[in-house]
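What follows is one structure encoded as structure tokens, with my remarks underneath.
The values are calculated or read from the model by the stated rules, or taken from the named source; none is laboratory data. A quick note: this is a predicted structure, and the numbers were derived from the prediction, not measured. Here the Cβ is made from the backbone with ideal geometry for all residues, glycine too, and neighbour counts use every protein chain on show. When the accessible area is computed, the model is the full protein with side chains, heavy atoms only, and any ligands, DNA or RNA have been set aside. Shrake-Rupley method; radii C 1.70, N 1.55, O 1.52, S 1.80 Å.
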Amino acid sequence: MYQTICLMVSESDFWDVHSQKVLDRMHDLDFDECPICLLDSFDMEGLQCQLCGHEDSYIDCIECKEEFLASLGEEVGDYELCPVCVRADAAAFNHEKY
């Protein structure tokens, strides 16, 4: 058990020491925010996060026909809505409610 705790602490220390260096280098490469880990490490050309490994794809919104990352959308029945249309749909629903 002691070894497990030491290993966990050493991994945490490693991340604390090296993560900022990695993030600084990635910032220089102009990555976008990853939709999963929320760090600026998502390669929009390769559609993969360079830190957490999340892979994504583009799909078209059923409402506005705009292309967006699949992980940012919301399923409505058998269809996917982009974040903009999800917010607009929620605002319209709340407006009708009152």
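Of note, ALA91 satisfies the criterion of being open to solvent by less than 90 Å² (accessible area, probe 1.4 Å), over 14 Å from the mean Cα position of the chain (by Cα) and either modelled with pLDDT under 95 or within 27 Å of PHE31 (Cα to Cα) (or both).
Taken over the stretch 29-79, the residue count meeting the criterion of being assigned to a strand (DSSP E or B), farther than 23 Å from SER19 by Cβ and either at pLDDT 90 or above or open to solvent by less than 50 Å² (accessible area, probe 1.4 Å) (or both) is 6.
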